[in-house]
Amino acid sequence: MKKFNLVKEIISVDKPAMMAAVNGGKPFGITMKGEIHYPPYDARSCYLFQGSVARPAPSALMPTQPKSLAELLGGNMQVVEVEDRILIKAARNWQEIIGYNVRHADYDDTTGDGVAEFTDSELEEIGWQATEFGINYRELVELIEAQCDGTLFCIENEGENYHFSGMGFIDDMDCARKQCFDYCVKRIETLLREDESYHGAVLSGDEEEALAFFGVTVPDSAVE
């Protein structure tokens with residue numbers, strides 16, 4: 001997967017397209033690729049902004065001061081106009097960005113609890129069954145990010161005060177399912193063969209169910 005870290009990225013937007021959207025009075029979105037989209041929004045695109053720009057009504061007593069583009073977009077983003085482009089740094093808008101995108105993400109890693117589930121039902125079944133043998137979602141997520149196509153949309157501050165918050169969008173779900181399934185099979189087979197705590201032990205009903213799900217045969221020497 002490709003990591004798109006908003007802390008490091010500057011998003012370039014076509015200025016005429018941006019100004020048309022801002023002045024149009026209708027909802028629009030800005031994607032991480034700098035594209036302007038209008039509703040219905042593309043569920044597989046990652047958005048920096050969604051909404052409409054409300055301009056204050058003019059008053060003869062209190063003439064309105066023109067707002068900057070950053071203020072019109074909510075005030076949390078850094079915006080610079082350079083000739084025919086609008087350049088945006090959006091990391092400060094992360095909490096809003098989560099709301100625009102998380103319901104379409106394949107997994108959510110924006111909380112301190114880490115990844116707790118996959119939205120794809122087949123991938124979630126793999127993750128759920130794997131927990132019976134101590135395989136956690138973090139292991140599976142790292143495998144997917146290393147082996148499969150997609151986007152890790154995140155903010156990541158490195159160094160002493162490391163901080164990460166992100167969402168995963170998997171483009172090749174078949175890859176993710178196969179990689180995770182095969183990984184779990186090998187891990188469980190190795191565990192049953194090498195972990196002496198399983199030798200001669202009686203498996204729980206949930207463990208038996210997980211073995212059947214992954215098609216793992218218990219070695220004769222491991223479990224009675």
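The values are calculated or read from the model by the stated rules, or taken from the named source; none is laboratory data. Since the structure is predicted, the reported quantities are computational estimates derived from the model, not experimental observations. With ideal geometry, Cβ positions are generated from the backbone for all residues, glycine too; neighbour counts draw on all protein chains shown. When the accessible area is computed, the model is the full protein with side chains, heavy atoms only, and any ligands, DNA or RNA have been set aside. Shrake-Rupley method; radii C 1.70, N 1.55, O 1.52, S 1.80 Å.
What the table below lists for this structure:
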| quantity | calculated |
| --- | --- |
| Conditions (1) in a strand (DSSP E or B); (2) open to solvent by 50 Å² or more (accessible area, probe 1.4 Å); number of the one not met by ALA116 | (1) |
| Pairs with Cβ under 9 Å, 6+ apart, first in the stretch 174-190 and more than 18 Å from ALA146 (Cα to Cα), second acidic (Asp, Glu) | ILE188/GLU132 |
| Pick from the stretch 91-113, criterion open to solvent by 20 Å² or more (accessible area, probe 1.4 Å) and assigned to a loop (DSSP other than H, G, I, E, B), ranking: farthest from ASN5 (Cα to Cα) | ASP113 |
| Set ALA90, ALA43: member being within 29 Å of GLU142 (Cβ to Cβ) and touching a Leu at 6+ places or on another chain (Cβ under 7 Å) | ALA90 |
| Those residues of the stretch 1-18 which are part of a helix (DSSP H, G or I) and surrounded by 15 or more Cβ atoms within 10 Å (Cβ to Cβ), in sequence order | LYS15, ALA17, MET18 |
| Residues that are within 19 Å of the chain's Cα centre (by Cα) and free of Cβ contacts under 8 Å to residues at least 12 places away in the same chain, drawn from the stretch 147-168 | GLU158, TYR162, HIS163 |
| Residue in the stretch 19-49 that is least open to solvent (accessible area, probe 1.4 Å), counting only those that are assigned to a helix (DSSP H, G or I) and among the small types (Gly, Ala, Ser) | ALA21 |
| Of all residues making up the stretch 176-188, the number that are buried (at least 17 other Cβ atoms within 10 Å of the Cβ) and within 23 Å of the chain's Cα centre (by Cα) | 7 |
| Among residues of the stretch 25-58, those that are more than 29 Å from ASP174 (Cβ to Cβ) and without any contact (Cβ under 8 Å) to a residue 12 or more places away in the chain, counted | 4 |
| Restricting the stretch 159-171 to residues that are open to solvent by 60 Å² or more (accessible area, probe 1.4 Å) and in contact with a strand residue (DSSP E or B) (Cβ under 9 Å, 6 or more places away or on another chain), the residue that is farthest from VAL102 (Cα to Cα) | TYR162 |
| Some residue of the stretch 132-147 being assigned to a helix (DSSP H, G or I), in contact with a helix residue (DSSP H, G or I) (Cβ under 8 Å, 6 or more places away or on another chain) and farther than 30 Å from SER45 by Cα | yes |
| Scan of the stretch 120-144 for residues that are in contact with a Lys or Arg (Cβ under 9 Å, 6 or more places away or on another chain) and surrounded by fewer than 18 Cβ atoms within 10 Å (Cβ to Cβ), ordered by number | ASP120, GLU122, GLY134, GLU139 |
| Scope the stretch 89-140; condition farther than 23 Å from ASP174 by Cβ and among the β-branched types (Val, Ile, Thr); matching residues | ILE97, ILE98, VAL102, THR110, THR111 |
| Residue that is at pLDDT below 95 and open to solvent by less than 30 Å² (accessible area, probe 1.4 Å), where the choices are LEU191, LEU203 | LEU203 |
